[in-house]
Amino acid sequence: MISYVDNTCRKPNFTSNLRRVYDASTNSLLYLNTTGLFRKDLDWDKFVDFLISKYKNTDKVNIYCYACSDGSEPYSLAIKLMEKAAKLGVDCDKFFPINAKDIDAKMIFMAKRGYLPANESDEKILTEYPQYFEKTHIIPDLDLGCDSIWRVRSYLKNKVIFQHADINTDINIVKPNNSVVMARNFWIYLDGDFQRRNLARNIQALLKKNSLLVVGNSENIRQCDVVSTLSDFGYTKTPVKNVFDVPERKIKYKSIYY
Ligand SMILES: C[S@@+](CC[C@H](N)C(=O)[O-])C[C@H]1O[C@@H](n2cnc3c(N)ncnc32)[C@H](O)[C@@H]1O
């Protein structure tokens, strides 16, 4: 089910799940913001194996999940970390809490209260994890673009802290070392290449040692070629697709004319 939201202000509103946002003045589609548990453009098993191994000798890992939408993404990561750590008999507390942030106030309002909007395809996955999610009888607002609302049980919910934030300004608070910045499937909404390059450069400058940037498949398309930008700024590929090492030595980047 897809619902339609009238956006009454000229500034774009960002929404999540299956909501669509239209610019009220032009009536044109601005955004179709989707997310879901274990979104397929990241190999979650490989990613979590990589994190556990990379940070095996680190006491604290700072995870920031920007553009977290309704929380599906940080919950996917938390679930996989707990599952893998239990199997390996290692402690995963150092990865928590995950700092999850989004510019969409409505999504963050819901997430902070432990609610997860779901559609039919989500429900299949959610029912596989009764220890973490339970279906509520709440009838979703039309503008959420979902079929049902699920409650996230506190054991999982407590692994994530949600905050309303714009990555462009909030990025300045990231800790310099042992940080993982997830910023996936949202760069297309930044204001063109200038803002995208700016963000890639800021992240590169702020993160010093042992840090990663994780993007999504939407960052590797012709209209939004973030992957080439990352290479300009010295980010290097890791064995996991869409996961990049942030360079420790800050190289002079190729000339950019603004
Ligand atoms: C397509 S969803 C991606 C959600 C999730 N990262 C994923 O890959 O499934 C895009 C999200 O980016 C958020 N967003 C857009 N611009 C943002 C910004 N400047 N700062 C933080 N979040 C932003 C939107 O609100 C929306 O929830």
Matching residues in region 83-108 - criterion: being of a type outside the set (D, E, K, R), without any contact (Cβ under 8 Å) to a residue 24 or more places away in the chain and outside any loop (DSSP other than H, G, I, E, B) = Ala86
Is one or more of the residues making up region 230-251 touching a residue at least 40 places away in the same chain (Cβ under 8 Å) and within 13 Å of the ligand (Cβ to nearest atom)?
-> yes
Within region 182-216, restricting attention to residues that are within 12 Å of the ligand (Cβ to nearest atom) and closer than 23 Å to Ile52 by Cα, which residue is surrounded by the fewest Cβ atoms within 10 Å (Cβ to Cβ)?
-> Gly216
Cβ pairs under 6 Å, 6+ apart, first in region 171-187 and on the phi > 0 side of the Ramachandran plot, second within 16 Å of the ligand (Cβ to nearest atom) and not hydrophobic (A, V, I, L, M, F, W, C) | Asn185/Gly216; Asn185/Ser218
Identify all residues within region 80-103 that are under 22 Å from Pro117 (Cα atoms) and either among the basic types (Lys, Arg) or within 15 Å of the ligand (Cβ to nearest atom) (or both); write none if there are none.
-> Lys80, Ile98, Asn99, Ala100, Lys101, Asp102, Ile103
Matching residues, region 103-115, being in contact with a strand residue (DSSP E or B) (Cβ under 7 Å, 6 or more places away or on another chain) and either at pLDDT 95 or above or among the basic types (Lys, Arg) (or both) | Ala111, Lys112, Gly114, Tyr115
Among the residues of region 124-181, the number that are surrounded by fewer than 18 Cβ atoms within 10 Å (Cβ to Cβ), hydrophobic (A, V, I, L, M, F, W, C), within 14 Å of the ligand (Cβ to nearest atom) and over 28 Å from Asp59 (Cα atoms) is 1
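The values are calculated or read from the model by the stated rules, or taken from the named source; none is laboratory data. On a predicted model such as this, the values are computed, not experimentally measured, just so you know. In this analysis, Cβ positions are derived from the backbone assuming ideal geometry, glycine residues included, and neighbour counts consider all displayed protein chains.
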